[in-house]
Amino acid sequence: MRSTGMTISLPTVRDDDAETLVAAIRSTGQPPMSERGVEGARAYLEERAAATPPGPPLTRVSDELVDEGGVCARVYQPDASPGLPLVVYFHGGGWVVGSLEASDGFCRRLAAAAECIVVSVDYPLAPEHRFPAAVECAVRAVEWAAEHADSWGADATRLAVLGDSAGGNIATVAVGRLARAGKDLVRRQILAYPGVTADRAASKSPFGTEWPLTDADRVWFIDQYAPDERSRVDPDVAPLLADVADMPRTTLLLGGCDPLVSEGLAYAEHLWGAGVSVDLHLFSGQIHGFLTFDPTILPSSREALGVVVNAIANT
């Protein structure tokens, strides 16, 4: 397929649930992540995660060691049925924040709704572990999950890789590395509002100064992960620059009121232009992070989860 040069006019009005959530956060006077520093940003995210309702109970949840370097993954099994789809998940957080605990509720909801095995990867964070540490870990984790699928009752021939935000960046880079190496493990990649450039310029979004992701936060995250300017044009940092011809079918979820929407649309076109099958879902009034918010906080997340569930079912 060839690129169409598509142009989409971006919205300036958030959905009611997104507007309510943003207004509630704004009223607390909370500073942006970039002003909290690394430890402050991590603590803030963990506090917010701990305050949300727990996910549904599952048959088995276990923490397992991916490699001798100490990388762990949390495996979610909804029931004992054999041959379930296998999803390897990389959380968002600007390469700097996020954890297995902070992602636990979402992973439980996903495993239960999609009736799949979810492997949530605790990849190394920046700035302690800068590029390419997270990417190299992600490649190992996907291979490890495929090798161990039988032990969890998963079908390794139905393996999908899922990532949101910076996790979407890590996910698609890992999938690309595996594809270019001739390792046909991943049947589908599912990317929610991925960061696919390392451009430090202000976004064109009218929401670039708004929680949950400001332009200042985005630049700060990039600086923690890839402080060397030369690395910012590496396709493994900025996958919009990568050769994507061998990529698997892609499901892409974007929020119209997210500063990352323009690069997400560009990535969809980049994949499509390379002949990759792309399912694009644009939630025009939604904010960054809408997929993983608890539905009691952002009801639209139920619809987004439904898109992911459908993609997994057709993997």
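Taken together, the values in this text are just the output of simple stated rules run on the coordinates, not laboratory data. Everything quoted here is computed from the prediction, not taken from an experiment. Quick reminder, even Gly has a Cβ in these numbers, built from the backbone with ideal geometry, and neighbours come from all protein chains shown.
Just to confirm my numbers, what's the Cα centroid distance between the range 81-111 and the range 251-294 in Å? Computed from Cα coordinates, the inter-centre distance equals 19 Å.
Cβ crowding within 10 Å, taken as a proxy for footprinting-reagent exposure, orders LYS204, LYS183 from fewest neighbours to most as LYS204, LYS183. Counting neighbouring Cβ atoms within 10 Å and putting the fewest first, the residues SER277, SER62, SER34 line up as SER62, SER277, SER34. Compactness check for the range 206-246: Cα Rg over 2.2 N^0.38 Å is 1.42. When the Gaussian network model of the chain links Cα atoms closer than 10 Å, the mean-square fluctuations of THR292, THR250, THR157 top out at THR157. Shown for TRP211, TRP95: other C-beta atoms within 10 Å of each C-beta, ranked fewest to most, produce the order TRP211, TRP95. Between the DSSP loop rule and a limit of at most 12 other Cβ atoms within 10 Å, which GluC sites (Glu not before Pro) in the range 101-139 are left? Loop-located and lightly packed - GLU128. Binning the C-alpha pair distances of the range 69-184 at 5 Å intervals from 0 yields a P(r) profile of 2, 13, 25, 25, 20, 11, 4, 1, 0 %, listed from the shortest bin outward. For the range 16-313, the equivalent ellipsoid derived from the alpha-carbon gyration tensor has semi-axes of 26, 22, 19 Å in decreasing order. A straight chain from THR59 to ALA23 at 0.36 nm per residue would run longer than the Cα-Cα distance by 9.2 nm.
Equivalent ellipsoid of the range 208-315: semi-axes from √(5λ) of the C-alpha gyration tensor, largest first, are 24, 22, 11 Å. As a ratio to 2.2 N^0.38 Å, the alpha-carbon radius of gyration for the range 17-130 is 1.20. Using bins of 10 Å that start at zero, the share of Cα-Cα pairs per bin across the range 125-275 amounts to 11, 41, 34, 12, 2, in whole %.
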